[in-house]
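The values are calculated or read from the model by the stated rules, or taken from the named source; none is laboratory data. This one's a predicted model, so the numbers in the text were calculated from it and none came from an experiment. Cβ sites come from the backbone with ideal geometry, for glycine too, and all protein chains shown count toward neighbours. What goes into the accessible areas is simple: the full protein's heavy atoms, side chains included, and nothing from ligands, DNA or RNA. Shrake-Rupley method; radii C 1.70, N 1.55, O 1.52, S 1.80 Å.
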Amino acid sequence: MVSRPKSSFGNWKLKRNIYISFFLFLILGASVLIYLNQREVPIEQVFPGKVWAKPIENLPDLKAVGAPTAKNCGNCHTEIYEEWKRSTHANALSDIQFQSELAKPSSPKWICLNCHIPVQNQRETIITGLKNGDYFRPIEIVNPSFNPEMKAEGVTCASCHVRVDSETKESYVIGGTGGTSPPHPVKIDRKQLLSRCYDCHNETYTLNESLVCSFQTGTELIATKSNESCSSCHQPEVRRSFVKPSLNKPIRRSHKHGFIGGGVPKSFELYSDQIRLGYKPGIVLSNIKVENNTVELTLTNTNADHHVTTGDPERFYRLTLTGLNKKGNIVFKEETTIGQEWSWSPSAKKVSDSRIPSGKNFVWTLEQKDPLIESFLFQAVHVRLKDKTSDYMILSSSNLSSPYKEKVEKMKDLYPHSSIIIESIYQLKTKNRKDTPLEELFRRNIQRKGE
Ligand code: HEC
Ligand code: HEC
Ligand code: HEC
Ligand code: HEC
Ligand code: HEC
């Protein structure tokens with residue numbers, strides 16, 4: 001037998017089939033890719049167990065109140081409303097620094113808004129999922145219950161106090177007292193109210209290499225084994241009626257709602273309320289010791305059951321010691337800081353941390369040999385925003401639109417960066433120490449600019 005060679009026709013057919021399969025495979029591959037890229041992934045799947053990944057669901061009108069806006073609550077809870085209105089919470093959306101950071105192209109805006117305007121009624125759109133699980137590609141539909149007035153309210157009353165009953169689908173108020181007679185539905189759950197703070201103030205999450213959220217105030221508090229809650233210090237007690245006098249309700253144990261923190265408010269106008277609404281520095285200058293040629297200053301975290309500074313990593317204390325001669329002229333000056341250092345590139349990383357845990361000391365020892373020194377002036381400044389950061393914000397203000405663009409351009413004049421929180425003069429000869437009263441420091445803080 002002689003074998004016949006395969007015809008070239010058969011060869012061509014085989015090649016054609018290979019080409020067709022390859023082509024079909026390509027189309028299939030591309031379709032799978034397109035499908036994957038466009039498919040809607042539920043938010044819970046991308047951020048499992050994260051409370052901040054979703055806003056609180058749309059709240060229907062509250063019986064006897066109407067829309068659950070802070071302004072409406074304020075119709076009866078007048079004093080609480082006035083205090084809250086001056087809090088950082090009420091300014092959480094209008095904050096110039098927040099607006100500036102939100103406008104960065106690298107900000108996943110909807111995530112930021114989940115903590116800064118946390119109720120769905122405050123949002124124009126509802127996010128139904130993420131394209132291919134990508135947090136930069138949220139899928140949005142129009143929110144029929146959007147309330148623009150409520151949007152402006154930042155961390156509004158309802159973020160902590162109003163929820164929807166899963167059976168009746170009606171809104172109710174969460175209270176912490178009981179035995180009261182409100183016209184609106186109320187359920188008493190003080191524990192839930194008090195633990196709400198942790199949802200926003202206790203999160204460490206690395207979104208990508210340059211976006212890290214690092215607030216550990218809750219963990220710091222738990223580590224001290226303190227029995228206090230965040231509210232024990234940030235909502236000081238006061239006896240009063242919960243509502244305006246004309247409603248004739250009894251005097252009860254109430255809580256200030258100014259949520260004062262580090263004593264650097266969001267506008268100069270708010271300085272005058274800091275002490276009234278409960279500001280106290282976390283650190284105390286517990287000792288000044290001058291021996292031979294060394295000065296030893298001890299600062300103790302006496303008043304906070306968490307680290308100071310806490311929360312935002314940019315915060316720090318700047319300590320200055322100035323030596324003055326007989327005439328009051330400066331002959332010696334040194335500075336140090338207490339805070340965290342982060343390096344942001346190539347990726348965010350904590351480099352050092354000298355913050356003071358609750359109850360602990362920070363000892364600053366300095367050498368000085370100048371015989372002309374007669375007294376020392378010590379100052380502690382709490383810095384919320386560095387000059388370098390606000391310079392950068394001004395430079396990139398073109399990302400913003402009106403009115404925030406104009407505000408950021410003028411932010412050196414509009415936005416407090418820091419506050420003096422301790423000042424003390426120590427006379428070497430008499431060992432006499434004189435502390436400037438906090439009220440006076442805060443009157444001066446209104447006039448200060450920058451870091
Ligand atoms: C029409 C008046 C009115 C409006 C509007 C109103 N409240 Fe009240 N609320 C009351 C009265 C009255 C009480 C009971 C005071 C008392 O008995 O001492 C009360 C009690 C409360 C309590 C305490 C309940 C407890 O026992 O701990 C909370 C919390 C509360 N209201 C929150 C809100 C919030 C949040 C809003 C807005 C969404 C709101 N209220 C709107 C009148 C009002
Ligand atoms: C829905 C999220 C959320 C919840 C819940 C929440 N906070 Fe806040 N809080 C914020 C945001 C956001 C800011 C800062 C806003 C800004 O600086 O623009 C803030 C700021 C503060 C500040 C001011 C810090 C300063 O130095 O100005 C204090 C104090 C504070 N919160 C305490 C509390 C306490 C106490 C609770 C619980 C009763 C609580 N927060 C619950 C989001 C929240
Ligand atoms: C960040 C969370 C938060 C926000 C925002 C908030 N509250 Fe409260 N509120 C609390 C907590 C926590 C308590 C209970 C404190 C306790 O019992 O120790 C409370 C208590 C109350 C009470 C009971 C009386 C009292 O003073 O203890 C009323 C009334 C009240 N809040 C009304 C309001 C109103 C009105 C607003 C908005 C103008 C508001 N709250 C905003 C957390 C919040
Ligand atoms: C024993 C009182 C106490 C308790 C409890 C407490 N704080 Fe504070 N907190 C303070 C004091 C005092 C300061 C002011 C620190 C400073 O600036 O010197 C402060 C500052 C802050 C600040 C501003 C950041 C800063 O570094 O100034 C935030 C935010 C804050 N606290 C949140 C919380 C939260 C959230 C909780 C609960 C997890 C809490 N605090 C529990 C006393 C307390
Ligand atoms: C998990 C909740 C949460 C998310 C998400 C969140 N924030 Fe905040 N933000 C807070 C809290 C709480 C504070 C107050 C912390 C403090 O004062 O120590 C705050 C404070 C701030 C401040 C003020 C800092 C200061 O020192 O005054 C800015 C600016 C800010 N956030 C921007 C953003 C941006 C931009 C995003 C999105 C990339 C974002 N936040 C996402 C909770 C959140």
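What tally of residues in the range 328-344 results from selecting those that are open to solvent by less than 90 Å² (accessible area, probe 1.4 Å) and more than 18 Å from CYS213 (Cβ to Cβ)?
8
Kindly indicate whether any position in the range 231-251 is assigned by TED's automatic domain parsing to the domain that holds GLY359, among the acidic types (Asp, Glu) and either surrounded by 20 or more Cβ atoms within 10 Å (Cβ to Cβ) or within 16 Å of ligand 3 (Cβ to nearest atom) (or both).
Checked against the condition, which is being assigned by TED's automatic domain parsing to the domain that holds GLY359, among the acidic types (Asp, Glu) and either surrounded by 20 or more Cβ atoms within 10 Å (Cβ to Cβ) or within 16 Å of ligand 3 (Cβ to nearest atom) (or both), the range 231-251 yields no hits at all.
So which residues in the range 56-87 are under 16 Å from ILE174 (Cβ atoms) and in contact with a Phe, Trp or Tyr (Cβ under 8 Å, 6 or more places away or on another chain)?
Across the range 56-87, the qualifying residues are LEU62, ALA70, CYS73, HIS77, ILE80, TRP84.
Of the residues that make up the range 366-381, is at least one part of a strand (DSSP E or B), open to solvent by less than 20 Å² (accessible area, probe 1.4 Å), within 16 Å of ligand 2 (Cβ to nearest atom) and in contact (Cβ under 8 Å) with a residue 12 or more places away in the chain? Before the answer, list the steps.
Our first condition is that a residue be part of a strand (DSSP E or B); within the range 366-381, this holds for 366-367, 375-381.
Subset that is open to solvent by less than 20 Å² (accessible area, probe 1.4 Å): 366, 375-376, 378, 380-381.
Next cut, within 16 Å of ligand 2 (Cβ to nearest atom) only: 380-381.
Restricting the remaining residues to those that are in contact (Cβ under 8 Å) with a residue 12 or more places away in the chain gives 380-381.
Looking through the range 366-381, at least one residue is part of a strand (DSSP E or B), open to solvent by less than 20 Å² (accessible area, probe 1.4 Å), within 16 Å of ligand 2 (Cβ to nearest atom) and in contact (Cβ under 8 Å) with a residue 12 or more places away in the chain.
Kindly provide the set of residues from the range 335-359 that are of a type in the set (D, E, K, R) and more than 20 Å from the chain's Cα centre (by Cα), ordered by number.
Residue satisfying the conditions is GLU335 alone.
Which ones in the range 51-67 are more than 12 Å from ligand 2 (Cβ to nearest atom), open to solvent by 30 Å² or more (accessible area, probe 1.4 Å) and of a type in the set (A, V, I, L, M)?
ALA64, VAL65, listed by residue number.
Taking strands (runs of 3 or more DSSP E) that do not extend beyond the range 132-245, which have at least 2 residues that are under 30 Å from VAL32 (Cα atoms) and more than 16 Å from ligand 1 (Cβ to nearest atom)?
On the way: elements: 138-142, 162-164, 171-175, 186-188, 202-208, 211-216, 237-240.
Because the criterion is at least 2 residues that are under 30 Å from VAL32 (Cα atoms) and more than 16 Å from ligand 1 (Cβ to nearest atom), the strands (runs of 3 or more DSSP E) in the range 132-245 that meet it are 138-142, 202-208.
Would you pick out the residues in the range 382-413 that are open to solvent by 70 Å² or more (accessible area, probe 1.4 Å) and in contact with a Ser or Thr (Cβ under 7 Å, 6 or more places away or on another chain)?
Of everything in the range 382-413, just one residue is open to solvent by 70 Å² or more (accessible area, probe 1.4 Å) and in contact with a Ser or Thr (Cβ under 7 Å, 6 or more places away or on another chain), namely GLU409.
Within the range 16-34, is even one residue modelled with pLDDT under 95, more than 30 Å from SER390 (Cβ to Cβ), surrounded by fewer than 11 Cβ atoms within 10 Å (Cβ to Cβ) and of a type in the set (Lys, Arg)?
Taking the range 16-34 as the starting set, the residues that turn out to be modelled with pLDDT under 95 are 16-34.
Cutting the leftovers down to more than 30 Å from SER390 (Cβ to Cβ) gives us 16-34.
From what is left, the residues that are surrounded by fewer than 11 Cβ atoms within 10 Å (Cβ to Cβ) are 16-32, 34.
Next, from what is left, pick out any that are of a type in the set (Lys, Arg): 16.
Checked the range 16-34: at least one residue is modelled with pLDDT under 95, more than 30 Å from SER390 (Cβ to Cβ), surrounded by fewer than 11 Cβ atoms within 10 Å (Cβ to Cβ) and of a type in the set (Lys, Arg).
Look at the range 222-251 and say how many of its residues are within 7 Å of ligand 4 (Cβ to nearest atom) and under 16 Å from LYS280 (Cβ atoms).
Selection size over the range 222-251: 6.
Return the pairs, sorted by first residue and then second, in which the second residue is acidic (Asp, Glu), the first residue lies in the range 173-197 and is more than 16 Å from ligand 5 (Cβ to nearest atom), the beta carbons are less than 6 Å apart, and the residues are 6+ apart or on different chains.
Qualifying pairs under 6 Å: ILE174/ASP189.
Hey, can you tell me all the residues within the range 287-334 that are small (Gly, Ala, Ser) and more than 29 Å from the chain's Cα centre (by Cα)?
Restricting attention to the range 287-334, the residues satisfying the condition of being small (Gly, Ala, Ser) are 304, 311, 323, 328.
Passing the criteria: GLY323, GLY328.
On the phi > 0 side of the Ramachandran plot and either surrounded by fewer than 16 Cβ atoms within 10 Å (Cβ to Cβ) or polar (S, T, N, Q) (or both), is that true of ASN287?
Taking the combined requirement at face value, the residue does not satisfy it.
Which one is nearest to SER354 (Cα to Cα) among residues in the range 260-318 that are among the charged types (D, E, K, R) and part of a strand (DSSP E or B)?
ARG318
Return the only residue of SER358, SER347 being open to solvent by less than 40 Å² (accessible area, probe 1.4 Å) and in contact (Cβ under 8 Å) with a residue 60 or more places away in the chain.
When all the criteria are applied, what remains is SER358.
What number of residues in the range 174-221 are farther than 30 Å from ILE251 by Cβ, hydrophobic (A, V, I, L, M, F, W, C) and within 13 Å of ligand 3 (Cβ to nearest atom)?
1
Based on this model, can you work out whether TRP84 counts as more than 16 Å from ligand 1 (Cβ to nearest atom) and surrounded by 19 or more Cβ atoms within 10 Å (Cβ to Cβ)? Talk me through it step by step, then tell me what you get.
Working: more than 16 Å from ligand 1 (Cβ to nearest atom): no; surrounded by 19 or more Cβ atoms within 10 Å (Cβ to Cβ): yes.
Spelling it out, it is not the case that TRP84 is more than 16 Å from ligand 1 (Cβ to nearest atom) and surrounded by 19 or more Cβ atoms within 10 Å (Cβ to Cβ).
This table checks each residue for (1) over 30 Å from THR156 (Cβ atoms); (2) open to solvent by 40 Å² or more (accessible area, probe 1.4 Å); (3) touching a Pro at 6+ places or on another chain (Cβ under 9 Å); (4) without any contact (Cβ under 8 Å) to a residue 60 or more places away in the chain.
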| position | (1), (2), (3), (4) |
| --- | --- |
| ILE260 | no, no, yes, no |
| VAL264 | no, no, yes, no |
| ASN292 | yes, yes, no, yes |
| LEU297 | yes, no, no, no |
| ASP312 | no, yes, no, no |
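Can you tell which of LYS50, LYS85, LYS104, LYS131 is over 30 Å from LYS249 (Cα atoms) and at pLDDT 95 or above?
After ruling out the rest, the residue left standing is LYS131.
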